[in-house]
Each structure stands twice: as structure tokens, then as C-alpha cells.
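Working notes, beginning with the structure itself.
The values are calculated or read from the model by the stated rules, or taken from the named source; none is laboratory data. Model, not experiment: these values are computed from the prediction. In this analysis, Cβ positions are derived from the backbone assuming ideal geometry, glycine residues included, and neighbour counts consider all displayed protein chains.
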Amino acid sequence: MLNGIPINFYIMLSAVLFIIGVVGVMARRNAIIIFMCIELMLNAVNLLLVAFSTLHNDASGQVFVFFIMAVAAAEVAVGLAILSMVYRNFKTIDIDLLSRLKN
Amino acid sequence: MLGYTITQWLFGILSFLAIMFALMVVFTRNPVNSVLYLVLTFFCIAGHYLLLNAQFLAVVHIVVYAGAIMVLFLFIIMLMNLNADTEPRKHIVTRVIAGVVGGVLLFVVVGALKGAEQLQIVQGGASQIGLVKNLGKVLFSEFLFPFEIASILLLAALVGAIMIGKRDTNINLK
């Protein structure tokens, strides 16, 4: 216990960050903020993957985080393109108003 | 210092800052401030990566997330001219319910970890796998095929984003 940090602390930190993201998705109406909260959840999971990969001295976890970053970048590019298209057509990105998927 | 090492102090400070900034992301009304707080959260997470000696991922995290993705978010928000006045708000009951659900979820996770083993330690600075050399070796030998697939995925996302974002959507297929 002298030099290190218990893995439980990392699990707690990741759980707290993930749940802040979940609350953000549920409590906000702006679609861009919801996107950002999803990014926050992805990062909480990434942090836990890196912590466990360091714990077990296995590089696969960190490679997984690298791939998650690539997929998140692709997801954000497509998602923001869709959102800007929605804003151009409906002049709003309030998800409560967009929930019916029709005009 | 009070029986804790520098690593443990840094872990505590970075965790506190990360959680505070993450809370500010959710509770700030202005979307631009929200993005800036999320950038600060990402810097704290990059600090955690450095603490775990995952140097390559820390740099990639700052470059990709704080540098590219967040600038994209900021760009779109400023393009739509969103600010605190135009920000739609959920009903107070919905927000209270969201908070309660989050609290219960946290309670479940903490409760599930109650009986977990306490002795496992993440050694700060002892591990060498996070360095560019070792990670590159694994990435280009064991994970070469997924790496190539990721490049195709990024190309598809690039083409898709351009197709969706084009102003003229009446594409003539004939």
C-alpha cells in the first residue's frame, strides 16, 4: 500500500464519471450536450481499461483504448454532421421537439 | 505528507478536479462553457493516464479529444449560435428523477464493490507497457488487422459526414 493506488479507487472514479454522464443524458435536452455526456461515459470506461491494463501488465487494454478513441472520433464526426443537418432543417436541436421523427 | 505519497496526492487531486469539472459539464447552462469544462475534464483524465504511465495514450488523448473532437463540438455550437438564453431545459421533475436514478445507480455500483478484494494495487510508474515502443510493437503485430479495419472505418465516417453535411441533398441517381 506504500507506493500504489488500490484498483478500487479507479473503479469508483470511473463509476462516478460514468454516472455523471448518464445523469447528463437524462437531464439535458440539448442534443450536443447529450453527445458530450456520451463522450464522458466513453472516457470513464477508457480510464478503467487503462487502469486494469496497468494492473495486469497487459498491453491489450491500452490498444483497446486506442481503438475506442478512433471509433469515438468517427462517431462524433458523423453525429455532428447529422445534428447540423437537423438544425438546418428544423432550426432546433431540442430532443424533446425532435422526438417524433416526422414534420 | 500525512502518510501519503506524491502519487496518491496527485491521484486524489486529479480525481477531485475531474469529478468537479464533469459535474460542471452537466450543470452549466451555456453550451460553450459546457464544452470548455469537458476539455478540462479530459486534461484531468490525461493526467490520470500519465499517473498510470500510459504516456502514449495521454498524448493521443489530448491531441484527439481536447484538440480535435472538442474543437469540432465548439465549432458546431458556435455555428448554431447556441447560448444560455436559447438553451432548452427539462421539467424540474424530470431533472430530479434523473438525479435520483443516478444516485441509485451509484449506490448499486458501490454496493457491488463492497465485498471486492481490497489488496490489488496499481503501481504508479512501475509498468513499462504504456510507452510508445511497447505499445507500437503490440499494435503492429497482434492487432494489425483491427488497425487496418479502423482506418477503413475512419474513411467511411469521413465520406459519410461529407455526404450527410452537404447542402444539396437532392442527389440524382439517374
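Structural remarks
- Count of the range A:9-68 residues which are within 19 Å of residue A:79 (Cβ to Cβ), without any contact (Cβ under 8 Å) to a residue 12 or more places away in the chain and β-branched (Val, Ile, Thr): 1
- Any pair with Cβ under 8 angstrom, 6 or more apart, that starts in the range B:142-162 at a residue that is charged (D, E, K, R) and ends at one that is surrounded by 13 or more Cβ atoms within 10 Å (Cβ to Cβ) and assigned to a helix (DSSP H, G or I): B:142/A:60; B:142/A:63
- For the range A:29-67, a tally of residues being among the charged types (D, E, K, R) and within 14 Å of the chain's Cα centre (by Cα) returns 1.
- Qualifying residue in the range A:71-82 (condition: facing chain B (nearest Cβ under 7 Å), surrounded by 20 or more Cβ atoms within 10 Å (Cβ to Cβ), at negative phi and in contact (Cβ under 8 Å) with a residue 24 or more places away in the chain): yes
- Looking only at the range B:1-21, and only at residues there that are in a helix (DSSP H, G or I), over 27 Å from residue A:29 (Cα atoms) and of a type in the set (Gly, Ala, Ser), the one that is nearest to the other protein chains (Cβ to nearest Cβ): B:15
- For the range A:24-35, the set of residues classified as assigned to a helix (DSSP H, G or I), in contact with a Lys or Arg (Cβ under 9 Å, 6 or more places away or on another chain) and at the interface with chain B (Cβ under 7 Å from one of its Cβ atoms) consists of A:26, A:27, listed by residue number.
- Filtered residues of the range B:82-109 (kept if surrounded by 14 or more Cβ atoms within 10 Å (Cβ to Cβ), among the hydrophobic types (A, V, I, L, M, F, W, C) and at pLDDT below 85): B:82
- Qualifying residue in the range B:2-15 (condition: closer than 17 Å to residue A:40 by Cα and either touching a His at 6+ places or on another chain (Cβ under 6 Å) or modelled with pLDDT of 90 or more (or both)): yes
- Entry remark, the range B:118-137: residues being in a loop (DSSP other than H, G, I, E, B) and either modelled with pLDDT of 70 or more or facing another protein chain (nearest Cβ under 7 Å) (or both) number 9 in total.
- Among the residues of the range B:35-52, at least one is modelled with pLDDT under 90, within 10 Å of chain A (Cβ to nearest Cβ) and within 29 Å of residue B:135 (Cα to Cα).
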